[in-house]
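The values are calculated or read from the model by the stated rules, or taken from the named source; none is laboratory data. Values in this document were obtained by computation on a predicted structure and should not be read as measured data. Here the Cβ is made from the backbone with ideal geometry for all residues, glycine too, and neighbour counts use every protein chain on show.
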Amino acid sequence: MMTTRVISVRRDLQAAVHGQAEEFRCQLAAQGTLVVNVLSSPGSGKTSLLAATADYLRANYRCAVLVGDIATDRDAQRLAPHLPAVQLTTGGACHLEYPLIEQGWRALGSPQVDFLFLENIGNLVCPASHDLGEHLRVLLLSTTEGDDKPAKYPKAFRTSHALVISKADLLPHVPFDVDRAIADARSIQPDLACFSTSTFPASGIKEWCDYLVSKRLQMLAGEPCRPNR
Amino acid sequence: MHEASLVKSLLKQLSELVAQHGGGHVREIRVEVGLLAGIEPLLFHEAFQRERIGTLAADAELVITPVGLTCHCQGCQLDFVTDKLEFSCPTCGAKQIKILVGDTVILQSFTLAPAVEAELTP
């Protein structure tokens with residue numbers, strides 16, 4: 001007769017889905033697509049930055065975007081004039097998870113693009129814990145949010161490769177110290193590449209796009225690209 | 001929200017594991033929640049209380065052990081353990097560190113009781 005047993009497992013609860021994300025990452029690297037996961041608080045300018053980025057890259061590169069929101073397809077409508085866009089609505093969930101990316105990628109028609117952007121749900125907490133199969137994780141911090149945010153949301157900063165300080169044109173009007181924000185962020189992730197941009201009027205977009213192009217070349221050269229630990 | 005989705009994933013994985021071990025009822029579940037896992041143990045526990053109803057873990061107790069970070073310093077090549085969200089080596093001060101443990105939720109083990117007892121109860 002069976003008795004009560006202790007079954008030892010020792011398994012990361014997200015191991016299976018992160019394994020699928022890793023497969024997607026390898027598959028897209030092999031076809032030359034750099035996958036960029038964009039994280040930020042709501043309203044810090046992800047959609048505007050992606051529109052400006054697509055416009056800048058358009059002459060030489062093919063781009064597409066999967067855009068996540070809790071409700072509505074407003075962002076996909078905003079982005080559609082700039083690049084192929086598919087809206088992912090989570091129906092309440094506060095972050096994107098890999099199965100949604102797979103679904104969205106199929107809805108896009110699995111295109112031969114050079115850059116696939118993933119616009120995450122506006123949230124600096126939960127998205128940091130989910131590998132979406134990206135090669136590059138980028139965090140936007142707008143000047144209106146305050147320069148004290150990095151230490152308050154350490155995982156989002158720790159796991160990112162780049163920090164884009166957005167709405168830089170508002171710096172004369174808000175108490176935001178760029179050097180302080182960057183120092184705070186680099187105390188959590190010393191390898192962060194940092195940029196300062198604004199989209200109305202556009203500034204810093206070239207430097208940011210040059211960085212994306214250089215990261216894609218690194219990926220094509222076989223350098224490992226995945227979220228930081 | 002995030003805690004609830006992780007609990008659902010835990011219950012799904014448990015149901016697969018129980019099937020692999022010939023069926024039964026889950027009595028105790030032990031998980032380790034890392035300091036940088038992005039999960040609040042209290043909310044994880046509350047989500048479990050809600051989600052376990054009607055599952056094979058309906059009577060199970062969830063035991064959560066918080067764990068700190070284990071990191072490897074790329075400066076002095078030593079590993080260190082910390083309970084603080086400070087990302088530098090306590091020995092040499094280097095900021096180039098790699099997190100080895102503490103940024104995930106680990107299902108350590110569970111206790112599986114035979115189904116017989118429940119099946120005999122009308």
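For region B:73-117, a residue qualifies if it is at the interface with another protein chain (Cβ under 10 Å from one of its Cβ atoms), over 30 Å from residue B:19 (Cα atoms) and part of a strand (DSSP E or B), and the qualifying residues are B:97, B:98, B:99, B:100. Assessment of region A:14-35 against the conditions (away from chain B (no Cβ under 14 Å) and under 24 Å from residue A:199 (Cα atoms)) yields at least one matching residue.
Among the candidates B:64, B:53, the residue that is at pLDDT 95 or above, more than 8 Å from chain A (Cβ to nearest Cβ) and touching a helix residue (DSSP H, G or I) at 6+ places or on another chain (Cβ under 9 Å) is uniquely B:64. Taking the conditions exactly as written (in contact with a strand residue (DSSP E or B) (Cβ under 7 Å, 6 or more places away or on another chain) and part of a strand (DSSP E or B)), does residue A:28 satisfy them or not? Considered against the rule, which asks whether it is in contact with a strand residue (DSSP E or B) (Cβ under 7 Å, 6 or more places away or on another chain) and part of a strand (DSSP E or B), residue A:28 comes out as no.
Suppose we filter region B:18-27 for residues that are surrounded by fewer than 17 Cβ atoms within 10 Å (Cβ to Cβ) and in contact (Cβ under 8 Å) with a residue 40 or more places away in the chain; how many remain?
So in region B:18-27, the residues surrounded by fewer than 17 Cβ atoms within 10 Å (Cβ to Cβ) come out as B:19-23, B:27.
Now narrow it down to the ones that are in contact (Cβ under 8 Å) with a residue 40 or more places away in the chain: B:21, B:23, B:27.
Number satisfying all stated conditions: 3.
Against the conditions (1) within 15 Å of residue A:53 (Cα to Cα); (2) assigned to a helix (DSSP H, G or I), residue A:182 satisfies every one except (1). Do you know which of the residues in region A:140-196 that are within 14 Å of chain B (Cβ to nearest Cβ) and surrounded by fewer than 14 Cβ atoms within 10 Å (Cβ to Cβ) is nearest to residue A:37 (Cα to Cα)? Out of the qualifying residues, it is A:191. Per the conditions (1) in contact with a Gly (Cβ under 9 Å, 6 or more places away or on another chain); (2) part of a loop (DSSP other than H, G, I, E, B); (3) not hydrophobic (A, V, I, L, M, F, W, C), the sole criterion not satisfied by residue B:70 is (2).
Quick one: how many residues across region B:8-55 are part of a loop (DSSP other than H, G, I, E, B) and either over 29 Å from residue A:153 (Cβ atoms) or touching a Leu at 6+ places or on another chain (Cβ under 7 Å) (or both)?
We begin by selecting, within region B:8-55, every residue part of a loop (DSSP other than H, G, I, E, B); these are B:21-24, B:35-40, B:52-55.
Then keep just the ones that are either over 29 Å from residue A:153 (Cβ atoms) or touching a Leu at 6+ places or on another chain (Cβ under 7 Å) (or both); that gives B:21-24, B:35-36, B:39, B:52-55.
Residues in region B:8-55 being part of a loop (DSSP other than H, G, I, E, B) and either over 29 Å from residue A:153 (Cβ atoms) or touching a Leu at 6+ places or on another chain (Cβ under 7 Å) (or both): 11 in total.
Among the residues examined, residue B:3 does not qualify as under 17 Å from the mean Cα position of the chain (by Cα), within 13 Å of chain A (Cβ to nearest Cβ), surrounded by fewer than 14 Cβ atoms within 10 Å (Cβ to Cβ) and assigned to a helix (DSSP H, G or I).
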